1. Helix-only estimate, please: 222 nm mean residue ellipticity of the chain, summing -39500 (n - 2.57) across DSSP H runs of length 4 or more and dividing by its residues, to the nearest 500.
2. Quick one: which residues, 5+ away or cross-chain, put their amide H under 5 Å from the amide H of residue 38? H built at 1.01 Å from N.
3. With every atom except the alpha carbons ignored, what do you get for Rg and Dmax of the chain, in angstroms?
4. Is region 125-172 rounded, prolate or oblate when judged by the Cα gyration tensor, a ≥ b ≥ c being the square roots of its eigenvalues, rounded requiring a/c under 1.5 and prolate requiring a/b larger than b/c?
5. How far, in nm, would the chain grow between residue 36 and residue 151 when pulled straight, counting 0.36 nm per residue and subtracting the alpha carbon separation?
6. Counting pairs of alpha carbon atoms under 8 Å apart in space and at least six apart in sequence, what relative contact order in percent does the chain give?
Amino acid sequence: MNATDNSHDILDAREISRALERMAGEIVALAEGTENVVLVGIRRRGVELAERLAATIGGRVPLGALDITLYRDDLRTIGPRPVVGGTNVPMDLTDKYVVIVDDVLYTGRTVRAALDELRDFGRPGRIALCVLVDRGGRELPIQADIVGHSVEVRPTDRVDVLIREVDGTDAVRLVRGENA
């Protein structure tokens with residue numbers, strides 16, 4: 001990182017691929033197989049990461065997608081017409097081993113909203129959280145069961161996950177905030 005550039009990659013495409021392979025193995029180990037596993041990605045990039053994890057695990061692992069917009073605790077602060085991407089959970093989750101997949105874990109508020117929304121689809125036997133990046137800075141007592149990469153950053157910093165399905169490339173980028 002040079003003086004004029006306030007960002008740098010902390011993971012490249014190869015490192016992301018290796019992290020996802022390891023994370024897929026950890027999912028199977030935690031769930032003791034794949035029989036009752038359902039991967040549910042949080043929109044936006046969590047859905048694509050869940051798809052990659054399912055492909056790496058192999059077999060027929062059911063996939064779902066959550067749009068937590070209407071479950072956010074700050075909904076009134078994001079404007080009068082929030083953009084809702086749609087939720088698709090293809091089955092009753094009762095007694096399933098649900099793995100919530102997201103790109104970055106920060107305050108924990110997105111995960112709390114996802115947990116609230118999951119209640120609409122039954123009562124899972126177990127819920128695990130799988131994130132590509134844990135950046136610290138929790139505001140709620142939520143932690144990931146499976147983490148691809150941990151990084152400690154300042155509150156003014158940003159961690160951007162870029163994935164080829166959405167952004168045309170795979171990278172995890174640290175963007176230093178104003179007071180860097």
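1. -8000 deg cm²/dmol
2. 97, 98, 99
3. Here Rg and the maximum Cα pair distance are 16.3, 53 Å.
4. oblate
5. Length difference between fully extended and current span is 38.3 nm.
6. Averaging sequence separation for qualifying contacts and normalising by length gives 25 percent for the chain.
Read-outs: derived from the displayed coordinates by stated rules, not from any lab. Treat the numbers as computed from the prediction; the structure is a model and nothing was measured.
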